[in-house]
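Notes follow the structure.
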Amino acid sequence: MIDNRCRTCLAILTLILTLFLAGCAATNMNTMAEVPPMHSISEVRDQRFADVADPWEGFNRSMYRFNFYFDKYLYLPVVHGYEFITPIFVQERVSGFYNNITEVRNLTNSLFQLKGKESATTLGRFVTNSTIGIGGLFDPATSFGLERHEEDFGKTLGYWGASSGPYLVLPIFGPSSVRDAGGFAVDSGIYYGIYTAIDPFENTGNSFAIAAGITTLEAIDTRHQQSFRYYESGYPFEYYMVRFLYHEKREIESGKLRSTDGQ
């Protein structure tokens with residue numbers, strides 16, 4: 001049986017290999033065709049969506065293209081296959097299960113932000129859906145008035161005053177920032193730390209294989225729940241608009257956005 005240290009090492013090596021291959025693929029894709037813009041960004045420098053700090057635009061555009069091709073030729077075909085063979089009722093149960101697991105992330109970050117009422121609500125949601133909802137397969141908590149609060153460590157950093165830093169497009173994961181990428185790493189570390197401590201499949205003899213299957217299904221479900229598709233907006237400045245919308249959304253969520261009109 002693979003012990004916890006081996007599983008951790010394998011996970012780290014897998015992550016490093018994924019990022020390395022993503023970087024190589026992105027470099028090779030620099031010569032591949034991107035949807036050509038009809039105008040130059042210099043024509044609209046006075047527009048707000050051009051204001052987001054993006055000192056690594058060349059790298060970010062490469063990642064944006066890589067994500068488009070990864071989506072088109074690998075990720076979405078797998079997701080579409082999953083949607084084709086899986087009844088909608090089962091898809092909804094799977095989504096509910098993984099959404100319930102993310103309540104752990106919501107709870108820890110609500111606590112980090114010292115939000116007592118929100119923490120209590122999130123804890124109530126997790127306990128209710130884990131028991132009455134059969135591990136999150138159903139969502140009775142919402143009908144009981146327990147509202148879901150999406151939190152992550154990137155928002156926590158913003159809540160405590162950390163700036164977003166430069167815009168950053170991550171391979172596979174998409175739009176982010178220096179702050180949010182760091183927050184994602186912390187959330188992932190907490191999640192896998194808890195999972196390793198509990199290790200619910202330790203006595204099965206196939207703990208690593210089961211964990212890999214659960215993680216793969218989670219990745220498929222995550223993309224299944226996202227409606228965004230690269231280069232389907234029809235907007236000539238899609239890269240800039242996605243960058244702007246992501247930045248503004250995160251600033252609003254972290255409570256740091258200041259209205260330019262003073263309201």
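Figure legend. Inter-residue proximity from the range 79-102: first residues in contact (Cβ under 8 Å) with a residue 60 or more places away in the chain and of a type outside the set (D, E), second residues open to solvent by 40 Å² or more (accessible area, probe 1.4 Å) and assigned to a loop (DSSP other than H, G, I, E, B), beta-carbon distance below 7 Å, spacing 6+ or different chains. Indicated pairs: S95/Q225.
Scanning the range 209-227 for residues that are closer than 28 Å to W56 by Cβ and in contact (Cβ under 8 Å) with a residue 40 or more places away in the chain, we see that the one that is most open to solvent (accessible area, probe 1.4 Å) is T222. Here is the figure for the range 151-189: residues that are closer than 19 Å to T108 by Cβ and touching a helix residue (DSSP H, G or I) at 6+ places or on another chain (Cβ under 6 Å) total 13. It is to be established whether one or more residues within the range 104-111 are farther than 22 Å from T215 by Cα and in contact with a Lys or Arg (Cβ under 6 Å, 6 or more places away or on another chain). Looking for residues that are farther than 22 Å from T215 by Cα and in contact with a Lys or Arg (Cβ under 6 Å, 6 or more places away or on another chain), one finds none in the range 104-111, hence no. When the residues of the range 228-238 are filtered to those that are hydroxyl-bearing (S, T, Y) and open to solvent by 70 Å² or more (accessible area, probe 1.4 Å), the one that is nearest to G81 (Cα to Cα) is S233. Report yes if some residue within the range 159-169 is among the aliphatic types (A, V, I, L, M), farther than 18 Å from D71 by Cβ, open to solvent by less than 50 Å² (accessible area, probe 1.4 Å) and assigned to a helix (DSSP H, G or I); otherwise report no. Looking through the range 159-169, none of the residues is among the aliphatic types (A, V, I, L, M), farther than 18 Å from D71 by Cβ, open to solvent by less than 50 Å² (accessible area, probe 1.4 Å) and assigned to a helix (DSSP H, G or I).
Against the definition (open to solvent by 40 Å² or more (accessible area, probe 1.4 Å) and free of Cβ contacts under 8 Å to residues at least 12 places away in the same chain), how does T196 come out, yes or no?
Criteria not met by T196.
For the range 239-255, the set of residues classified as touching a residue at least 40 places away in the same chain (Cβ under 8 Å) and open to solvent by less than 60 Å² (accessible area, probe 1.4 Å) consists of Y239, Y240, M241, V242, R243, F244, Y246, H247, R250, E251, S254, G255, listed by residue number.
The values are calculated or read from the model by the stated rules, or taken from the named source; none is laboratory data. All of these numbers come straight from a predicted model, not from anything done at the bench. Positions of Cβ are generated from backbone atoms using ideal geometry, with glycine treated the same way; all protein chains shown enter the neighbour counts. Ligands, DNA and RNA are excluded from the accessible area calculation, which covers all protein heavy atoms including side chains. Shrake-Rupley method; radii C 1.70, N 1.55, O 1.52, S 1.80 Å.
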